[in-house]
Ligand code: GDP
């Protein structure tokens with residue numbers, strides 16, 4: 001292709017902002033995502049809302065239907081919002097793009113009755129570290145005593161300081177959340193009093209149960225994306241695809257496949273791709289690009305249909321040889337007419353960008369993804385717990401061999417996050433008196449280790 005052709009083919013458009021949902025367990029992340037999908041379906045426009053791999057796209061037309069008087073679609077030139085389907089900060093920190101967070105904006109869900117909990121604080125730390133703009137969904141507002149449910153209505157229109165709907169109970173609980181945000185260094189207020197959503201955090205009362213406040217939530221998300229992220233949203237829609245691996249898994253009939261989000265350019269069914277793997281970049285040829293079929297078709301056909309191309313921002317399942325070593329959270333680059341060595345170097349650099357400082361002495365950390373490794377190491381750094389080895393993958397005997405070289409008794413430990421422990425490794429750890437900590441919640445993992453350290457210190461006194 002000549003340079004001139006390449007130039008005319010370049011097509012700069014605004015991509016769909018990618019939204020993640022975070023918050024403490026049981027505060028309503030899944031329900032909120034379901035409700036947003038549900039509202040979108042109810043808002044009509046059959047076929048407008050599309051289920052993808054790992055993400056749900058809600059187009060602007062549907063958002064403006066849901067938001068009613070709150071959103072004038074002519075005010076926006078972004079195509080809609082792409083919600084990452086797996087909520088929680090584990091998936092959030094796994095989903096990286098060019099060293100930052102894959103999600104452009106986030107919804108932090110806080111149960112209005114339960115307030116801030118350990119995972120809320122963890123989520124806030126991660127959002128701060130990745131500088132991701134977010135709003136707070138004060139969920140389960142329907143359960144506050146005296147609250148008059150007003151289903152599927154915007155709360156702003158029906159609720160203000162003078163309204164009889166703001167019971168003293170509701171006010172008190174919402175202001176507790178605002179207070180917690182301020183304790184964590186944010187200026188926050190009820191969203192309709194916030195002028196600048198990037199400098200201040202807006203709190204939106206919602207109910208995933210009744211749908212109340214969902215219009216407001218979507219409106220604020222659109223406003224936030226439109227005003228502050230427009231430049232970063234510019235993509236070259238026809239260029240070689242750039243994305244992130246969400247998950248590596250077996251798909252019947254296709255072997256090991258990647259669930260991926262493509263956030264720039266296009267991936268085609270005949271492309272060669274470079275993917276981050278445990279042993280370094282993997283170069284492989286796409287065998288098929290897959291999309292879920294609508295439910296009614298699955299009965300008679302395979303669960304997935306093959307497509308020729310997928311453009312940003314969108315989710316896709318990629319089938320290709322040699323993907324066994326690929327890591328969730330690693331980058332994907334389409335080679336197409338790009339220089340092979342350059343692309344490989346790019347992927348290598350992104351893989352090495354993970355900020356884990358290891359030292360001569362310390363504990364061993366094993367995790368399922370680069371992102372979670374990074375999140376755990378930052379939590380350990382806050383507690384001044386040194387790390388000797390930090391790696392993605394199952395706990396193997398060699399990890400125990402490393403852990404047993406620690407001089408400090410408290411450092412003879414392996415913290416395993418969402419990974420398997422090989423039988424040999426477990427046996428060896430017991431034999432060599434290396435303590436194993438396993439969990440899939442970061443704060444619980446670190447808490448377990450902290451308790452162990454306290455016990456050792458007390459026994460030494
Ligand atoms: P997650 O762990 O954060 O994904 O939380 P879930 O979405 O699984 O919700 C936890 C529980 O809270 C479930 O029993 C939900 O039905 C309930 N729940 C979620 N949102 C609301 C809400 O707005 N109002 C009420 N009353 N219950 C809710």
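Scanning segment 23-40 for residues that are near the ligand (Cβ under 7 Å from one of its atoms) and more than 18 Å from residue 89 (Cα to Cα) returns no hits. None of 63, 84 is modelled with pLDDT of 85 or more and more than 16 Å from the chain's Cα centre (by Cα) except 63. Scanning segment 167-185 for residues that are touching a strand residue (DSSP E or B) at 6+ places or on another chain (Cβ under 7 Å), touching a residue at least 40 places away in the same chain (Cβ under 8 Å) and closer than 17 Å to residue 127 by Cβ returns 177, 181.
The values are calculated or read from the model by the stated rules, or taken from the named source; none is laboratory data. Note that the coordinates shown come from a computational prediction; the quantities given were computed from them, not determined experimentally. For neighbour counting, all protein chains shown are included, and Cβ atoms are generated from backbone atoms with ideal geometry for every residue, glycine included.
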